[in-house]
Structure formats: structure tokens, C-alpha cells
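Every number here is computed from the coordinates shown, using simple stated rules; none is lab data. Keep in mind it's a predicted model, so treat the numbers as computed, not measured. Cβ placement follows ideal geometry from the backbone for every residue including glycine, while neighbour counts extend to all protein chains displayed.
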Amino acid sequence: MAIKIALAAALLVALVTLARATTYTTIVTTTTDEANPKQQCKQMVQGRQFQACQQYLRQGSQYQEGTGMRGVYPIWDEQQVKDECCRSLKNLENQGCECEGIQQAAMKAQQQMGQGQQSEQVYQRAQQLPQTCNLKTQKCQFNVIFM
């Protein structure tokens, strides 16, 4: 009789152990850096050239008074350049990074042109790009220092 009780107890322990082993909860935690989307955008646009946007921004400010000529940059058809620029910005639109793309292009255009009134005109034209390209974001804030 003691053997039957010991055997029943062992069987009960085995069943409880088996039940615990097959019923468990798995918790998967996924973290995303949604707290800082601006940082994600900076990483996304870093290294991209946005050449068409740079050209578009420069075209708006390269006219040299009195000469009737534009600056030293090759002149593309302005509509073609604008369309290509808008396409590259629309590729960033789904991630909400179009303003960072515009700012990147404006900074590079400004660096290529040097300082002065022309660089201010680059940023004035850059501020119009969201409307020009019919982007969801209609206004971008830029941190700019003109020298």
C-alpha cells in the first residue's frame, strides 16, 4: 500500500511537472525609437546628395545682376530639376523626413555658393519647396545662420 501511495504521488508530481512544462507564456518586447523621429530622419538623409534639389535651390539665386547670366553651375531645364527634386523629397514623405531632406540640400547648396545674400535666397527658396512639390508637410523650420 505504501508503494501504491508513493507511486501515485510520483505520478502526480510527474503530471504537474509536465503540465507546467507545456504551458508557459512568451513575452516579446519590440522597441522602436519613436521618441526621436527627427534623429531617425537625420540618419536617413545623411549621405544623400539631393543634387536636383541643390541645383533647383541654386538656380533661384544664381542670377548675376548686370550680366544676364547665371552662375558657374551647369544650367538644367528648371522644370526638369524641380520635378526630380520633388520626386526625391516625396520618397522621404512617408517617413515624415522631407524637411530634413530640404535642409540637407539647402546646406549643401549654401556651402557650394559661399556666403552672402545668395545663401539667404537659397533658404528662402527652400522654405517654398514643400508647397512647390505639393508635400504633405507645408512648412519646414530651418535653423540657419547667415553670415
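With a sphere of radius 15 Å drawn around the Cβ of Gln51, what net charge do the other residues whose Cβ falls strictly inside it have (Lys, Arg +1; Asp, Glu -1)? Around Gln51, the charge tally is +1.
Tally Lys/Arg at +1 and Asp/Glu at -1 over every other residue whose Cβ is under 14 Å from the Cβ of Lys82; what's the total? In short, 0.
Packing, as the average of other Cβ atoms within 10 Å across residues, places the peptides 97-106, 79-88, 133-142 in the order 97-106, 79-88, 133-142, highest first. A straight Cα-to-Cα reach below 27 Å connects Lys108 with the lysines Lys38, Lys42, Lys82, Lys90, Lys136, Lys139, residues fewer than 8 places away in its own chain not being considered. Each other residue within a Cβ distance under 12 Å of Arg125 adds +1 if Lys or Arg and -1 if Asp or Glu, for a net charge of 0. Could you give the distance between the Cα centres of the range 120-142 and the range 90-105, to the whole Å? Spelled out, the Cα-based centre of one part sits 11 Å from the other.
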